[in-house]
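Okay, structure first, notes after.
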Amino acid sequence: MLDPVTGLPRAGLARVLEELGSTLLDVVCGDVEPARDVGGVVIHDPLDEPELPGNALVLGVGLHDPAEIARVVTQVGERGAAGLVVRAPVVADEELLAAARASGVAVLAFARGASWTHLTGMLRTLTADGGLDDAGAFAPGRVPSGDLFAVANAIAALLDAPVTIEDRNSRLLAFSSRQEEADPSRVRTILGRQVPRHYTQILEERGVFQALYRSGRPVFVAPLPESGELPRAAIAVRAGDEILGTIWVVVPEALNDERSEALFEASKLVAMHMVWQRADEDRERRLRAELLSTALESAPGSLEAVRRLGLKDEPAVVLALTVVAPATAHPLPAQLATERKRLADAFSMHLSAVHPRAAAALIGDVAYGILPLPQSGQDAEERAALIATEFLARVGSRLRPLVGVGQLALDASALARSRSGAERALRVLRAGVLAGPQVARLDDVHVEALLLELADLVPRGDLPSGTIARVAAYDREHQTSLVETLHAWLDAFGDVAVASSAMYVHPNTFRYRLRRAAEVGRVDLTDPGARLSAMLQLRLMSIRSAPDG
């Protein structure tokens, strides 16, 4: 549905939860229908009931009693509301559950400590926003959620002191002017975009972070004369019960009540900006993924998606990146997803450094990249493989990143073929049928890709059969290794010396085992067709037994 004012698509309730659910909102009960739009945001007033637009999201300020909440759910449901937001905690008793089911209204809990004013502004902006709909949406320096540097300067002017804003991991997000008045640690923080490890370690040992996270007010941090660090005032930035980061102010002494209150109020503004910045980043990732997916389909609309990604209708290679866990590692699904997201962001940055019009995004569990390359077919694919290899050499990961490289697409209409090639090459790497490589072009693994696709067509119960089935049954019954003997001989192109050496047995012993394998399998090893049949079955068996990433 389009907004009658902006003409842009309205956001649905599911999107509201995607943007704000990890920090501010939780579903208490009721169904969140992905296709249901939010027609507007309205504050509930029991004394003067407002007119509700269709599919309204109602803010139940002051509603606490479960019975009263259930009554309001029924009431707003009769008027077509999509959801009711009330302050957490909320007890979902039988009456409330029944009211939500009957009315079709989703009940959402709003985090304690967060501001209704901020939530109202966020919701109204979000539900009026049709998303990023312009090719310039990805322009460098765009900060839709507000400029944190401007906020830092405003706080610095308010407190007459240099300010930094940092995330939970002490990474620098923004800083104010007048940093030359600070100390060496602050200078190194600005230059390295990260608080020096020695300083954070001292703060941890002193219990400063614990005090910050426990207190809702500014905390004074005493100076460190031995290393030249000046005193600071700091406060945690919160959105409800979640700590988003910290604000640090270099001050000569503890803040008085007035300045302490000013920093406390400023932390609320920073929290709003940080929540919005995170939501904007997630929204931009989703839109980029949608555009990239459309571009890679080579379907109607692909050229428009290519244009909005900032690409041209030019030769390009598609790369596919994913990460798998080594046999010795057992990461949780959430850890695997986080690592994929981290590597996808790094991959996008790496490709953009190689070519300004490159585009990359995470789609499912694979990060796809479109890399424009002017070279001819094979040269372009080799160049793309080299770029992927350089990326893996630079990026650090406890898991195992893999990259498949597709064929050169001469224009946007051929991107789907290049994507298919990248996926087929990546599948070979994930299947583990090749030892060692983490980057592969389809041309390098074409046979292995065909064998994997052939294995898909063969029901599991059909392998092995014929000759190999008879030899394998004999091995199981007599504890012999005739299948391995046959495999070694075929791999060595019939060279007994090479095959026997690979199995660490005498050539005469190997010849006896090979004759026995031919007798048991009832196969003529001088027949090229029989050898091909046996080789195919043995390769398919090895593919079936390989661990799939």
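The values are calculated or read from the model by the stated rules, or taken from the named source; none is laboratory data. A quick note: this is a predicted structure, and the numbers were derived from the prediction, not measured. All Cβ positions, even for glycine, are placed from backbone atoms using ideal geometry, and neighbour counts span all protein chains on display.
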Quiz prompt | Residue list for the stretch 223-237, restricted to those being in contact (Cβ under 8 Å) with a residue 12 or more places away in the chain and at negative phi | solution = LEU224, SER227, GLU229, LEU230, PRO231, ARG232, ALA233, ALA234, ILE235, ALA236, VAL237
Quiz item: What is the residue count in the stretch 169-196 for residues that are among the aromatic types (Phe, Trp, Tyr) and surrounded by fewer than 18 Cβ atoms within 10 Å (Cβ to Cβ)?
Solution: 0
Exercise. Just give me the residues in the stretch 185-242 being touching a helix residue (DSSP H, G or I) at 6+ places or on another chain (Cβ under 7 Å) and part of a loop (DSSP other than H, G, I, E, B), in sequence order.
Key: VAL195, PRO196, ARG217, PRO218, GLY228
Quiz item: Tell me, which residue of the stretch 389-411 that is in a helix (DSSP H, G or I) and surrounded by fewer than 23 Cβ atoms within 10 Å (Cβ to Cβ) is modelled with the lowest pLDDT?
Solution: ARG394
Quiz item: Residues of the stretch 429-457 being modelled with pLDDT under 85 and among the hydrophobic types (A, V, I, L, M, F, W, C), which ones?
Solution: ALA431, VAL433, LEU434, ALA435, VAL447, ALA449, LEU450, LEU451, LEU452, LEU454, ALA455, LEU457
Self-check item: Residue pairs meeting the criteria (Cβ under 7 Å; at least 6 apart or on separate chains; first in the same structural domain as ARG79 (by TED's automatic domain parsing) and within 14 Å of THR120 (Cβ to Cβ), in the stretch 37-51; second β-branched (Val, Ile, Thr) and part of a loop (DSSP other than H, G, I, E, B))
Solution: ILE43/VAL61; HIS44/VAL61
Practice problem: Would you please name the residue that is nearest to the chain's Cα centre (by Cα), looking only at residues in the stretch 248-290 that are in the same structural domain as ALA161 (by TED's automatic domain parsing), assigned to a helix (DSSP H, G or I) and without any contact (Cβ under 8 Å) to a residue 60 or more places away in the chain? | Solution: SER267
Quiz item: Do we have any residue at all in the stretch 207-221 that's under 15 Å from VAL250 (Cα atoms) and either surrounded by fewer than 18 Cβ atoms within 10 Å (Cβ to Cβ) or assigned by TED's automatic domain parsing to the domain that holds ARG112 (or both)?
Solution: yes
Exercise. Return the total of residues in the stretch 516-536 being part of a helix (DSSP H, G or I) and of a type in the set (D, E, K, R).
Key: 3
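Here is a yes/no grid of residues against (1) in a helix (DSSP H, G or I); (2) at pLDDT below 90; (3) under 20 Å from PRO437 (Cβ atoms):
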| position | (1), (2), (3) |
| --- | --- |
| LEU371 | no, no, yes |
| PRO374 | no, yes, no |
| GLU381 | yes, yes, yes |
| ALA384 | yes, no, yes |
| ILE387 | yes, no, yes |
Quiz prompt | Tally, over the stretch 363-386, of residues that are within 26 Å of the chain's Cα centre (by Cα) and free of Cβ contacts under 8 Å to residues at least 60 places away in the same chain | solution = 7
Practice problem: Kindly indicate whether VAL366 is within 21 Å of SER418 (Cβ to Cβ), of a type in the set (Val, Ile, Thr) and out of contact with any Phe, Trp or Tyr (no Cβ under 9 Å at 6 or more places or on another chain). | Solution: yes
Exercise. Looking at (1) over 30 Å from the mean Cα position of the chain (by Cα); (2) within 20 Å of ASP241 (Cα to Cα); (3) at pLDDT below 85, find the lone condition where VAL91 falls short.
Key: (3)
